[in-house]
Amino acid sequence: MQEGKKRRIAILGSTGSIGRQALEVIDQHPEHFEVSVLTANNSYELLIAQAIKFQPNSVVISNENFYLQVKEALADQPIKVFAGSESIDQIVQSDDVDVVLTAMVGFAGLRSTIKAIEAGKVIALANKETLVVAGELISSLAVKYRSAIIPVDSEHSAIFQCLVGENHNPVEKIILTASGGPFRGYNLSSLEKVKKSDALKHPNWTMGQKVTIDSATMMNKGLEVIEAKWLFGLEPEQIEIVIHPQSIVHSLVQFADGSIKAQLGLPDMRLPIQYALGFPKRLKSNFPRFSFMDYPNLTFEQPDTKTFRNIGLAFEAMKKGGNLPCIMNAANEIAVEAFLHEKINFLNIPEVIEKSMEIISFVKEPSLDDYIATDYDTRIYTKELIGK
Ligand code: MG
């Protein structure tokens with residue numbers, strides 16, 4: 001962070017959980033940050049309110065049906081208003097953006113993330129699906145265009161923080177912690193009866209619906225394993241998961257000498273968001289502090305991969321590579337949506353994903369077009385499967 005120069009931030013997905021918390025962080029550090037772009041899918045009323053408060057240069061409402069509402073509400077503001085997701089691709093490349101926070105949900109974030117990388121922007125990566133789907137492509141583009149990717153996901157931020165100052169000292173393995181979600185300790189017969197409302201009650205973290213369901217199914221950890229592989233250039237054998245119900249140790253790195261570094265803190269997403277936006281500086285915060293006295297027992301246990309089959313599916317997708325993680329991700333997005341609409345039950349989620357991974361054709365070295373086609377085909381297939 002250069003002295004005296006504010007970082008100009010584009011927040012893709014500013015009305016979601018990460019986007020709103022990022023604005024809180026920015027609001028507390030007006031001397032360091034300013035907002036240059038805000039984008040939202042459908043939540044136009046909140047987008048308007050955010051735009052009036054933070055005065056970005058531009059806003060984009062992806063759903064074109066709400067364009068007129070946003071345009072009218074901001075008519076007397078010096079803010080440009082655009083509609084449609086294609087507008088985002090151009091705006092992330094503009095000269096008045098330094099950092100792009102990718103906080104939109106799902107595969108939809110891929111194209112604009114690539115555009116931002118091609119323009120050499122710093123990426124504060126909150127959209128894990130992007131790396132899961134197209135990790136190889138994203139990593140090679142980031143090297144080619146000298147675009148830094150700073151993780152926002154709390155586990156990956158923890159690992160990133162452990163690696164700062166290590167100057168490429170070899171990593172033996174990383175250990176991703178997982179809370180285990182609301183159904184930790186459940187067996188298959190108890191999972192059969194769980195409802196949407198149960199799955200949406202995460203014990204530690206307040207997050208959007210998609211990631212909350214992913215946490216309950218453990219797919220979130222599966223996605224994070226693949227995300228970690230690409231962010232840190234690891235082999236599948238170097239990545240472990242440990243269940244840590246208190247969510248205080250955010251993840252760990254074990255080095256070649258056997259020494260382990262961990263990063264700890266209260267489960268508060270504003271911390272990794274602020275770290276990513278301010279990197280390499282640690283800015284002062286007034287967030288609540290962790291005390292060991294409040295958590296006398298930090299515990300750790302093995303993940304139950306027999307009950308939570310998504311973990312195994314994710315490792316399989318990571319090891320086989322190609323477009324298999326893309327298939328897994330698309331099937332998961334459709335399955336989670338169907339679960340949220342109460343069209344399938346909880347245990348159908350891994351079934352639907354596994355079946356899609358079997359049926360959709362495998363491509364060993366996919367191009368961007370292959371990823372887009374795979375995502376499209378998988379969504380059609382998975383929806384049909386769910387309809388049956
Ligand atoms: Mg996470």
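The values are calculated or read from the model by the stated rules, or taken from the named source; none is laboratory data. Quick caveat: nothing in here was measured; it's all calculated off a predicted structure. Note that we place each Cβ from the backbone using ideal geometry, even for glycine, and neighbour counts take in every protein chain shown. The area values use the complete protein model at the heavy-atom level, side chains included, leaving out ligands, DNA and RNA. Shrake-Rupley method; radii C 1.70, N 1.55, O 1.52, S 1.80 Å.
Odds and ends about this structure:
- Whole-Hz couplings from phi, Karplus 6.51/-1.76/1.60, listed for segment 111-124; x for Gly and Pro: 5, 6, 5, 4, 4, 5, 5, 4, 8, x, 6, 6, 9, 8
- Backbone geometry of segment 126-131 corresponds, through the Karplus equation with coefficients 6.51, -1.76 and 1.60 at θ = phi - 60°, to 3J(HN,Hα) couplings of 10, 8, 5, 4, 4, 6 Hz, x marking Gly and Pro.
- Those GluC sites (Glu not before Pro) in segment 1-72 that DSSP places in a loop and that have at most 14 other beta carbons within 10 Å: 3, 31
- Other-chain or far-sequence residues with amide H under 5 Å of residue 79's (modelled H): none
- Cut-off 13 Å between beta-carbons: net charge of the residues surrounding residue 198, Lys and Arg +1, Asp and Glu -1: +3
- Backbone amide hydrogens, once placed in the peptide plane, bring residue 147 within less than 5 Å of nothing, excluding anything fewer than 5 places away on its chain.
- Beta bridges assigned by DSSP with both partners in the chain are antiparallel in approximately 25 percent of cases.
- Gaussian network model of the chain, springs between alpha carbon atoms under 10 Å - residue of 116, 256, 22 with greatest fluctuation: 256
- Partner lysines for residue 284 [C-alpha distance under 25 Å; skip if fewer than 8 residues away on the same chain]: 5, 6, 53, 121, 261
- Each residue of segment 21-36 was assigned a 3J(HN,Hα) from its phi angle through the Karplus expression (A = 6.51, B = -1.76, C = 1.60, θ = phi - 60°), giving 5, 5, 5, 4, 4, 5, 4, 7, 10, x, 6, 10, 10, 9, 8, 9 Hz with x at Gly and Pro.
- The accessible-area ordering, largest first, of the residues 71, 121 stands as 71, 121, per a 1.4 angstrom probe.
- Only aspartates and glutamates eight or more places from residue 144 in sequence, or on another chain, were considered; those with a Cα closer than 17 Å are 118, 136.
- For residue 35, distant residues with modelled amide H under 5 Å away: 9
- Net +/- balance of residues flanking residue 209 in space, Cβ distance below 11 Å, scoring K and R +1, D and E -1: 0
- Excluding same-chain neighbours fewer than eight residues apart, the aspartates and glutamates reachable from residue 210 by a Cα-Cα span under 17 Å are 129, 153, 198, 224, 227, 333, 337, 342.
- Local electrostatic count, residue 264, Cβ distance below 15 Å [Lys/Arg +1, Asp/Glu -1]: 0
- Set 71/343; 196/221; 306/355; 221/383 screened for pairs whose C-alpha atoms are more than 26 Å apart: 71/343
- Accessible-area order (highest first, 1.4 angstrom probe) of the listed residues 67, 376: 376, 67
- 320, 261, 210, ranked by accessible area, largest first (probe 1.4 Å): 320, 261, 210
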